[in-house]
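Reviewing the structure listed below.
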Amino acid sequence: MKHVEFDKTVCGVDFLLNVIDFQSGCAFEFETETQSADFFQVYFIKKGNGFLKLNDQKIELESNSLVFISKYQHHSWHIDPTTFEGQLLVFQDDFLNEFFSDQYFVFRLLYFYQTEYSLKLNIEEVYLEDCLSKLKEIKQELVYPKSDSVHLIRSLLYYILISINRHYSNTNHIKEAISLDNTAYQFRKLVEKNIQTMQRVEDYTLKMKISRITLNKAVKNQFNVTTTDFIKARLLFEIKMKLIHSTLTVAEIADIYHFSEANHLSRFFKQKTGISPLEYRSDYQNGIN
């Protein structure tokens with residue numbers, strides 16, 4: 001599987017953030033080979049068809065839509081690029097965290113690291129055009145920076161990302177308020193980084209030095225799930241990715257995620273999905289998932 005690293009020299013922009021027009025002639029390709037990347041991607045699709053394989057989803061592409069790809073997620077494109085119009089926003093999370101002086105900023109955005117809801121969002125044409133216009137302004141500031149460009153880029157980028165978050169939450173009926181309490185976001189960040197070795201609520205309460213009641217209340221208020229269910233959902237996602245994007249055996253995957261036996265992983269997986277890990281792998285390979 002191909003892995004792509006952020007190239008800040010592409011299109012002449014020396015930042016850890018870029019705006020790429022699909023029609024601009026930049027060194028950007030819609031790869032049919034499955035790949036992952038060390039950066040986040042938001043596709044603003046003005047015209048498009050075909051589909052995207054993203055993690056375990058097959059996303060049918062449409063005009064006037066957004067697609068979200070978090071870093072290290074597996075994806076491959078199956079489209080006619082000559083008929084594709086729109087823009088791509090790419091960035092590394094370190095850039096955002098420093099840009100907004102908020103180490104949890106990317107974790108506040110519902111459409112990144114999302115495992116439950118769709119990673120595509122249909123939007124009104126007028127809203128898309130507004131986003132494209134702001135992206136064009138950002139691109140101008142990136143390519144021809146002035147002394148105050150950083151402030152303009154920050155304001156435009158913040159508006160776009162938070163506005164999309166509101167649209168995403170409304171469409172999926174998720175609580176949209178971004179809490180001023182960082183407890184849930186700190187937990188979410190820790191889960192993303194440690195799910196392979198930390199799978200009990202106690203692992204996180206000890207790390208965060210808070211009580212189970214306090215953590216569960218914060219997670220329930222922000223994500224509308226219990227702390228236990230949040231961890232299990234993330235673990236299930238990781239196991240699915242190993243099943244469909246590797247040739248590892250169930251026993252090998254069980255060892256990676258510290259299940260004492262392979263059948264314990266199989267029992268957990270079947271409880272959550274209704275099928276065995278090998279049935280899930282076979283269904284995906286046969287185009288059933």
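Values quoted throughout were computed directly from the atomic coordinates according to the rules given, and no laboratory measurement underlies them. All values reported here derive from a predicted model rather than from experimental measurement. Neighbour counts run over all protein chains shown; Cβ positions are idealised from the backbone, glycine included.
Remarks
- Length added when fully stretched, LYS270-VAL225, from 0.36 nm per residue minus Cα-Cα: 14.2 nm
- Cα gyration tensor category, rounded, prolate or oblate, for the stretch 183-285 with a/c compared to 1.5: prolate
- Cross-link partners of LYS47 among lysines (Cα-Cα below 21 Å; sequence separation of 8 or more within a chain): LYS58, LYS120, LYS134, LYS136, LYS139
- Calculated FRET value between GLU279 and ASN182, using beta carbons and R₀ = 51 Å, to 0.05: 0.80
- With helices as the sole contributors, the chain gives -14500 deg cm²/dmol at 222 nm; each DSSP H run of n ≥ 4 counts as -39500 (n - 2.57), and the sum is divided by every residue.
- Förster radius 25 Å - calculated FRET efficiency between LEU236 and SER163, Cβ distance, rounded to 0.05: 0.25
- Selection from MET241, SER282, LEU206, by position along the positive dipole direction of the stretch 183-285 (Cβ): LEU206
- Summing Cβ point charges (Lys, Arg +1; Asp, Glu -1) relative to the Cα centre of the stretch 117-176 gives a dipole of roughly 220 debye.
- Three-way shape call for the chain based on the alpha-carbon gyration tensor, with the a/c threshold at 1.5: oblate
- The stretch 33-76 versus the stretch 131-155: alpha-carbon centroid distance in Å: 24 Å
- Remark: spin-label model distance LYS58-TYR72 equals 2.8 nm, labels positioned 7 Å along the Cα→Cβ axis.
- A Förster radius of 25 Å, combined with the Cβ-Cβ distance separating ASN122 from LYS175, puts the computed FRET efficiency at roughly 0.75.
- Stretchable slack from HIS245 to SER155, in nm (0.36 nm times residue separation minus alpha-carbon distance): 28.6 nm
- Spin-label model, VAL143/THR214: points 7 Å from Cα along the beta carbon direction are separated by 5.0 nm.
- Charge dipole of the chain (Cα centre as origin; +1 on each Lys and Arg Cβ, -1 on each Asp and Glu Cβ, all else neutral): 1100 debye, rounded to the nearest 20.
- Classified by the C-alpha gyration tensor, the stretch 91-193 has an oblate form. Its axis ratio a/c, with a ≥ b ≥ c, is 1.5 or above, and a/b does not exceed b/c.
- Fully extended contour minus Cα-Cα distance, from ASP255 to ASP7, at 0.36 nm per residue: 85.8 nm
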